[in-house]
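Notes follow the structure.
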Amino acid sequence: MTERFFIDNRRKLAARLEEGSAAVLFAGKAPLKRGDEYYPFSPDRNFYYVTGVEWENCVFLMAKAAGGLQETLFIPRDNGILAKWVGANMTAEEAEEISGMTDIRPIDAFTDDFAQMVFRNNIAKIYLDLEHREWDDVLTPALRFAKELREKYPAMAVGDLYPIFGDLRLIKEPYELEKMRKAMDITRMGVEAMMANARPGMMEYEIEAHFDFTLMQHGAREKAFQTIAAAGERGTILHYTKNNGKTKDGDLLLVDCGAQVDWYNGDISRTFPVNGKFTERQKLVYNIVLEGQQKVIDAIRPGLPFSRLNEILKEHYLEALKEIGLVKTMADVAKYYYHGVSHYLGAETHDIGRYTERVLQPGMVLTVEPGLYIEEWGIGIRIEDDALVTEDGCEIMTKDMIKTVEEIEAFMAKGKQA
């Protein structure tokens, strides 16, 4: 049963909490856009990981005290006549079925129930997700709650759930891998649709539209992230997302995109010629990137330091780019390659978890995405696949996505004949 996944995740979380402590997680709320319009809601992934609930304005409370464990889910009340406008709120019965929790209470009872829980159980420490990346970021519900705690419970210790979830979510369970495989396969089909329909003179967003349509056709209503579709020199801009340029005959198109299925993501990058044929120079650079990717893939195995992956790629680039006269030293490589070769992938595209001193473990899912960006040649190339670390190496989860020069040219030739 699906709820077993979330029940097991709560057991993992409970094992990391101290006796006499409690954890609070917030689902979040869609921010106001303007007028009476809100941005689309996306649940906090740590909240979702332990509840399975996709509804906004919910709170999860876990207390570990007196040798026992208390789990409570607070949800919005019945919204009455408003249901005719926006749909009915989730019921307690629905919340129980999704999460496997039996203690379901109205959200307006949260603060009073929290205070009683702290008092009755002599709680000395509250764990919150205190992720805070930039000084001027808008405060999350957890950070606002931490501020209130300091005022109302000045002696209360506050612990950070973020690194705990970073560890818990690092190793993917079968349920997660199933969702990710589906997202990756839909992503593959979307990329193939772009390849099949690309023609010189099309706008980047016209080509991107074939990706969007394919996702919708296969039930993926959300993207993992904003699609990059960058032609020619624009492909040397790492996070180019305007996608409003016109393609020219002879351009490469770099696409970096992903479908999302039940909040789990795929992430694939491919670079292909809009006219269906690589030039000799494009082919040369493409194959350097492809060879580098394979070297990184071959190195993935349990126990390897994560940082070693990027070192392997840079060592390859130094030798390969020396041969074609672009670089002389490792410092020169940074002019043409200026990002990491990998990141974690899961419920977030750049999934949470620390990289420092991390070694690879079975169950991790990583991207392998080498790139080269040669602005003076108007060439930007990135090739990205998703890898599951196994007991003796890795499985390329996106292996069905074509990527050699020959495969791409043959595929695009068929598309132009259709």
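The values are calculated or read from the model by the stated rules, or taken from the named source; none is laboratory data. What you see is a predicted model, and the numbers here were worked out from it, not measured in a lab. Cβ coordinates were reconstructed from backbone atoms using ideal geometry, including for glycine residues, and neighbour counts include every protein chain displayed. All accessible areas refer to the heavy atoms of the entire protein, side chains included, with ligands and DNA or RNA removed. Shrake-Rupley method; radii C 1.70, N 1.55, O 1.52, S 1.80 Å.
Looking at segment 200-211, can you tell me whether even one residue there is open to solvent by less than 10 Å² (accessible area, probe 1.4 Å) and in contact with an Asp or Glu (Cβ under 9 Å, 6 or more places away or on another chain)? Within segment 200-211, not a single residue is open to solvent by less than 10 Å² (accessible area, probe 1.4 Å) and in contact with an Asp or Glu (Cβ under 9 Å, 6 or more places away or on another chain). In a residue-by-residue description of segment 12-29, the property of being over 23 Å from the mean Cα position of the chain (by Cα), open to solvent by 20 Å² or more (accessible area, probe 1.4 Å) and of a type outside the set (Asp, Glu) applies to at least one position.
Counting only helices (runs of 4 or more DSSP H) that sit wholly inside segment 1-111, those with at least 3 residues that are not aliphatic (A, V, I, L, M) are 2-16, 45-51, 92-99. Does Thr91 meet the test of being in contact (Cβ under 8 Å) with a residue 24 or more places away in the chain and either in contact with a His (Cβ under 6 Å, 6 or more places away or on another chain) or within 24 Å of Ser42 (Cβ to Cβ) (or both)? For Thr91, the condition - in contact (Cβ under 8 Å) with a residue 24 or more places away in the chain and either in contact with a His (Cβ under 6 Å, 6 or more places away or on another chain) or within 24 Å of Ser42 (Cβ to Cβ) (or both) - is not met.
Scanning segment 243-280 for residues that are in contact with a Leu (Cβ under 6 Å, 6 or more places away or on another chain) and open to solvent by 10 Å² or more (accessible area, probe 1.4 Å) yields a count of 0.
Restricted to segment 221-242, and to residues there that are over 23 Å from Lys414 (Cβ atoms), among the hydrophobic types (A, V, I, L, M, F, W, C) and at pLDDT 95 or above, the residue that is most open to solvent (accessible area, probe 1.4 Å) is Ile237. Cβ-Cβ contacts under 7 Å between residues 6 or more apart (or on different chains), taken from a first residue in segment 392-415 that is modelled with pLDDT under 95 to a second residue that is part of a loop (DSSP other than H, G, I, E, B), are listed as Ala413/Gly276.
Checked against the criteria, Ala410 counts as aliphatic (A, V, I, L, M), exposed (fewer than 14 other Cβ atoms within 10 Å of the Cβ) and either in contact with a helix residue (DSSP H, G or I) (Cβ under 8 Å, 6 or more places away or on another chain) or closer than 28 Å to Asn197 by Cα (or both).
Of all the numbered requirements in (1) touching a Gly at 6+ places or on another chain (Cβ under 6 Å); (2) under 22 Å from Ile7 (Cβ atoms); (3) surrounded by 18 or more Cβ atoms within 10 Å (Cβ to Cβ), Ile171 misses one, and that requirement is (3). Scanning segment 106-149 for residues that are farther than 25 Å from Ile75 by Cα and without any contact (Cβ under 8 Å) to a residue 12 or more places away in the chain yields a total of 6. Only one of the numbered conditions (1) over 21 Å from Val118 (Cα atoms); (2) out of contact with any Leu (no Cβ under 7 Å at 6 or more places or on another chain); (3) basic (Lys, Arg) is not met by Arg16, and that is (1).
Would you kindly identify the helices (runs of 4 or more DSSP H) lying entirely within segment 280-386 that contain at least 2 residues that are touching a residue at least 40 places away in the same chain (Cβ under 8 Å) and of a type in the set (Phe, Trp, Tyr)?
306-323
Criterion first (of a type outside the set (Phe, Trp, Tyr) and in a helix (DSSP H, G or I)) does Glu131 satisfy it? Spelling it out, it is not the case that Glu131 is of a type outside the set (Phe, Trp, Tyr) and in a helix (DSSP H, G or I). Residue check: is Val333 β-branched (Val, Ile, Thr), closer than 26 Å to Asn46 by Cα and either modelled with pLDDT of 95 or more or crowded, with 18+ Cβ neighbours inside 10 Å (or both)? No, not satisfied.
On the given criteria, is Asp103 among the charged types (D, E, K, R) and in contact (Cβ under 8 Å) with a residue 40 or more places away in the chain?
Taking the combined requirement at face value, the residue does not satisfy it.
Matching residues to (1) open to solvent by 60 Å² or more (accessible area, probe 1.4 Å); (2) among the small types (Gly, Ala, Ser):
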position	(1), (2)
Ala83	no, yes
Met90	no, no
Asp103	no, no
Ala109	no, yes
Tyr127	no, no
Arg133	yes, no
Asp136	yes, no
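The set of residues from segment 128-149 being within 16 Å of Ala22 (Cβ to Cβ) and over 23 Å from the mean Cα position of the chain (by Cα) comprises Phe145, Ala146, Glu148, Leu149. Scanning segment 57-68 for residues that are of a type outside the set (Val, Ile, Thr) and at pLDDT 95 or above, we see that the one that is surrounded by the most Cβ atoms within 10 Å (Cβ to Cβ) is Cys58.
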